[in-house]
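Throughout, read-outs are computed from the coordinates displayed, never taken from laboratory work. On a predicted model such as this, the values are computed, not experimentally measured, just so you know. In this analysis, Cβ positions are derived from the backbone assuming ideal geometry, glycine residues included, and neighbour counts consider all displayed protein chains.
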Amino acid sequence: MFRAGFKPGNLILVDTKGILHAGRPDLEKIKEGNPWKYELSEKTNAEGRRGSIEESFDSVDAVIGASKPGPGTIKKDWVKKMATDSIVFACANPVPEIWPWEAKEAGARIVGTGRSDFPNQINNSLGFPAIFRGVLDVKATTVTDDMCVAAARELALFAEERGIHENDVAPRMEEWEVFPREAVACALQSIKEGVARIKPSKQELWEGAVSIIKNARDSTHLLMKKGFIPAAPKPEDILGKTQH
């Protein structure tokens, strides 16, 4: 998030003990063993907010959860404390920290989870296939943060171009056209950073990614059609079972 341009001071991080802030006694004790957590407590939370997890929700615009599966890890009463038109991404799997309908009832305007059977799937499945495709296509020696940011920006751009609304803010897994775009963005960034072993043109990268990804999808659909592998259940069927 920092690499993408978020101001560290605007973020409030929490752990099981509450809000991370400079000077929290237990963080001082783990400074040597967990310097990353200590450093984050120093860089974030510029307003110096202290207190419990519940208090961290006061008037914030967005919450990103990647913690303990719920429901109930994030409570409705906490979401009610958030700012108007708030965003809740409850990404724990297999059960999000709060059910989407509960977050909506509490006043959140946009709600995403890690699951495909709810609106707004925010999941690494939108990133890793295309990032790896881009890495392989240029024989990159590593995956950098900026390569991941480039992939994320392409996801956002794709969604904006095809249109978004409150229940559809990110590309969906079935929108396979986004993956070649994401792969190319990742590959070009790796070339820019000097970690690519080969340097195909943008057009070559595009044509290669489209061919490989389309072939893989077509093969999977054929295997499903012939009954060799089971077809994926429809989202509405899963959603109905979950709510009942």
Check: What is the Cα radius of gyration of the chain over 2.2 N^0.38 Å, N being its residue count?
Finding: 1.15
Checklist line | Proximal lysines relative to K37, as straight alpha-carbon distance under 27 Å, when same-chain residues fewer than 8 apart are discounted | finding: K7, K17, K29, K68, K75, K81
Check: Anyone know which of D137, D168, D218 comes out most mobile in the 10 Å Cα GNM of the chain?
Finding: D218
Check: Pick from G227, G134, G70: which is most flexible by mean-square fluctuation in a GNM of the chain where alpha carbon atoms under 10 Å apart are linked?
Finding: G227
Notebook entry, point to check: With a ≥ b ≥ c the root eigenvalues of the C-alpha gyration tensor of the range 8-113, is it rounded (a/c under 1.5), prolate (a/b larger than b/c) or oblate?
Noted result: prolate
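Please report the antiparallel percentage of the DSSP beta bridges confined to the chain, to the nearest 5. Please list the in-between numbers first.
Values: 3 of 12 bridges.
The answer is about 25 percent antiparallel.
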Next item on the list: Mind giving me the FRET efficiency for A62 and D26? R0 is 22 Å, r the Cβ-Cβ distance, nearest 0.05 is fine.
Entry: 0.25
Notebook entry, point to check: Taking the Cα centre of the chain as origin and charging only Cβ (+1 Lys, Arg; -1 Asp, Glu), how large is the dipole, in debye to the nearest 20?
Noted result: 480 debye
Notebook entry, point to check: Which aspartates and glutamates, on any chain, are close to K76 with Cα under 18 Å apart, when same-chain ones fewer than 8 places away are left out?
Noted result: E54, E55, D58, D61, D85, E97, E102, E105
Next item on the list: Any lysines with Cα under 20 Å of the K202 Cα? List them, leaving off those in the same chain fewer than 8 positions away.
Entry: K139, K192, K214
Note to self: Nearest 5 percent is fine: what portion of the DSSP beta bridges confined to the range 1-125 is antiparallel?
What the structure shows: 20 percent
